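Read the structure below first, then the notes.
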Amino acid sequence: MRLRLWRASGREVSLQRLDGYALNFWSRRRLAFLGGGVTPCGGASSVLSSDPLRTALVVDSGAEINGLLDGVFASENWSIQRAPDNCAALLTVAANSFDLIITGAKNQCRENLEVVHKIRAIRPHARLIILADKFTPGDVLDAMREGAFSYFSGPFEHSALVEMVREAMASPCWDDGIEVLSGTPAWVSLAARCDLGTANRLVQFLRGVKDPTIPEADREAVIAAFREILLNAMEHGGQFDPSHYVEISFIRASRAIALRVKDPGQGFSLDELRHAAINSPTGDVFSHLSVRDEKGLRPGGFGLLLAKKQVDDLIYNEKGNDVLLIKYLNPGASHLA
Amino acid sequence: MGLQISIRESGDVNILDLQGRSTVDTGESVLLSKYLRELTAAGKRKLLLNLVNLSRIDSSGVSIIVEIYVSIKRRGGELKLLSPRGRVLDVLRVFRLLDVIPSFEDEIEALASFRPRGFFATS
């Protein structure tokens, strides 16, 4: 007998219905997702405005993607204006402001980036999601530089696209969340604001790098490890305070991928983390739970170990606020240690 | 779709069918936690997590499974897993969870494992 069906999307999780224990755990990350109440971005694009009707401009992407997006917007009572191509979109944007703009999935990223650049000149705070027909090197870096909210290339993972569109619809502010400090195809350095929405955007940008020379399993492992480390840095180092930023570097060497995450916190000693699974004796990954129990902490502490197991090296600096992840590219090797 | 949870009952076993992912991103893991807590608070002591359509799990999802496993075990109950796949299976193996939490590939077999072993009369 089917009893209940509940979809998890940002707005449907009721914090009030959680008990204090779960709320205490979740609230920091959830509030971080909401921007922590700090809204440094300006402009007319804030979705927290009192205007009940929000409008998206969607460039034609074919029936499948159009239908998918229609469903998302309809579920949130957004209106949609559709443009047949980028030229028409540009003319429309010049005449009207939109809360969210999504480029056409039929175009190459380069064409979309050009129109995004022009739109940003007219509407500097517009949320823009780039859909491109296929990945080409340099797309993701350029999309971040152009201030895109997110980037996807075909073939599209529908669930990820829907989630990111929902996030763009819900995000109170975003356009200063990620700053490209420097970037070449082999080395990208960023500053990222300490909030969950920015973390999700950053992870999606990383997912957007569909480098065919990187085995899929390695790519997934690196993304998963990066995500765990990034969230740790933002939560424990940056306290999910949107006025704080973490520094991130992605380095692509010929036989390895390296990611560095530096947080603004006071650091920690890995050896003293007795309440984390990473310090549990081999073969007894649950032994740290008793330490957590003594300290009144919920069962958890799995993030560092999960990250470590998915890369070849996880190295902290002496202070413990700067961590380097290295994944050697060895086709055929298992991605999990 | 982040995470969809539907709940079925088979006898005194509550089966949670998970579809999507259990990560911290937009509330999926906390949603799973909420459901599991509600079930245990309602006195349910036999839970089967059907993971066959769960595509991804992160440390927050693992934490919740472990938390509920510990909690329900303390109350004399049982939590079991059904059909973890792909990346989810990889992550569970990292933590050797499958050495601790019983996991099954077949639902009927999983449900049968919850039943107390009976004593059969011999003729």
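The values are calculated or read from the model by the stated rules, or taken from the named source; none is laboratory data. Computed from a predicted model, the values in this text were never measured in an experiment. Neighbour counts are summed over all protein chains in view; Cβ atoms, including those assigned to glycine, are modelled from backbone coordinates with ideal geometry.
Annotations for the structure displayed:
- Failed criterion for residue B:75 (all others in (1) within 14 Å of chain A (Cβ to nearest Cβ); (2) of a type outside the set (Val, Ile, Thr); (3) surrounded by fewer than 18 Cβ atoms within 10 Å (Cβ to Cβ) hold): (1)
- Complete set of residues in the stretch A:201-215 that are within 11 Å of chain B (Cβ to nearest Cβ) and without any contact (Cβ under 8 Å) to a residue 40 or more places away in the chain: A:203
- Residue in the stretch A:172-184 that is in contact with a strand residue (DSSP E or B) (Cβ under 7 Å, 6 or more places away or on another chain) and within 25 Å of residue A:66 (Cα to Cα) present: yes
- Residue-level check: of (1) loosely packed, with under 15 Cβ neighbours inside 10 Å; (2) closer than 25 Å to residue A:67 by Cβ; (3) at pLDDT 90 or above, residue A:100 misses just (1).
- Residue A:242 vs. criteria away from every other protein chain (no Cβ under 12 Å) and surrounded by fewer than 19 Cβ atoms within 10 Å (Cβ to Cβ): no
- Meets criteria (surrounded by 22 or more Cβ atoms within 10 Å (Cβ to Cβ), touching a residue at least 24 places away in the same chain (Cβ under 8 Å) and touching a Leu at 6+ places or on another chain (Cβ under 9 Å)) for residue A:191: no
- Annotation for the stretch A:260-270: at least one member residue is modelled with pLDDT under 90, touching a strand residue (DSSP E or B) at 6+ places or on another chain (Cβ under 7 Å) and not in a strand (DSSP E or B).
- Test: residue A:286 is of a type in the set (Phe, Trp, Tyr) and farther than 21 Å from residue A:185 by Cβ: yes
- Some residue of the stretch A:236-246 being assigned to a loop (DSSP other than H, G, I, E, B), of a type in the set (A, V, I, L, M, F, W, C) and touching a His at 6+ places or on another chain (Cβ under 8 Å): no
- Flag for residue A:201 being over 23 Å from residue A:128 (Cα atoms) and at pLDDT below 95: no
- From the options A:57, A:90, residue that is surrounded by 20 or more Cβ atoms within 10 Å (Cβ to Cβ), more than 14 Å from every other protein chain (Cβ to nearest Cβ) and modelled with pLDDT of 90 or more: A:57
- Any chance residue A:148 is touching a residue at least 40 places away in the same chain (Cβ under 8 Å) and within 25 Å of residue A:220 (Cβ to Cβ): no
Condition check ((1) charged (D, E, K, R); (2) touching an Asp or Glu at 6+ places or on another chain (Cβ under 7 Å); (3) in the same structural domain as residue A:231 (by TED's automatic domain parsing); (4) in a loop (DSSP other than H, G, I, E, B)) across all residues:
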residue	(1), (2), (3), (4)
A:278	no, no, yes, no
A:293	yes, no, yes, no
A:300	no, no, yes, yes
A:307	no, yes, yes, no
A:315	no, no, yes, no
A:326	no, yes, yes, no
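- Which listed residue is of a type in the set (Val, Ile, Thr) and either touching a His at 6+ places or on another chain (Cβ under 6 Å) or modelled with pLDDT of 85 or more (or both), from B:15, B:5: B:15
- The set of residues from the stretch A:103-131 being farther than 19 Å from residue A:65 by Cβ and of a type in the set (Gly, Ala, Ser) comprises A:121, A:126.
- Tally, over the stretch B:44-71, of residues that are assigned to a helix (DSSP H, G or I) and either touching a Cys at 6+ places or on another chain (Cβ under 9 Å) or not β-branched (Val, Ile, Thr) (or both): 7
- Meets criteria (within 14 Å of chain B (Cβ to nearest Cβ), out of contact with any Ser or Thr (no Cβ under 6 Å at 6 or more places or on another chain), closer than 30 Å to residue A:286 by Cα and at pLDDT 95 or above) for residue A:230: yes
- For the stretch A:309-328, taking the residues that are of a type in the set (Val, Ile, Thr) and closer than 14 Å to residue A:267 by Cβ, the one that is nearest to the other protein chains (Cβ to nearest Cβ) is identified as A:323.
- If you check B:33, B:22, B:10, B:29 for being at pLDDT 85 or above and either out of contact with any His (no Cβ under 9 Å at 6 or more places or on another chain) or over 30 Å from residue A:170 (Cα atoms) (or both), only one passes: B:10.
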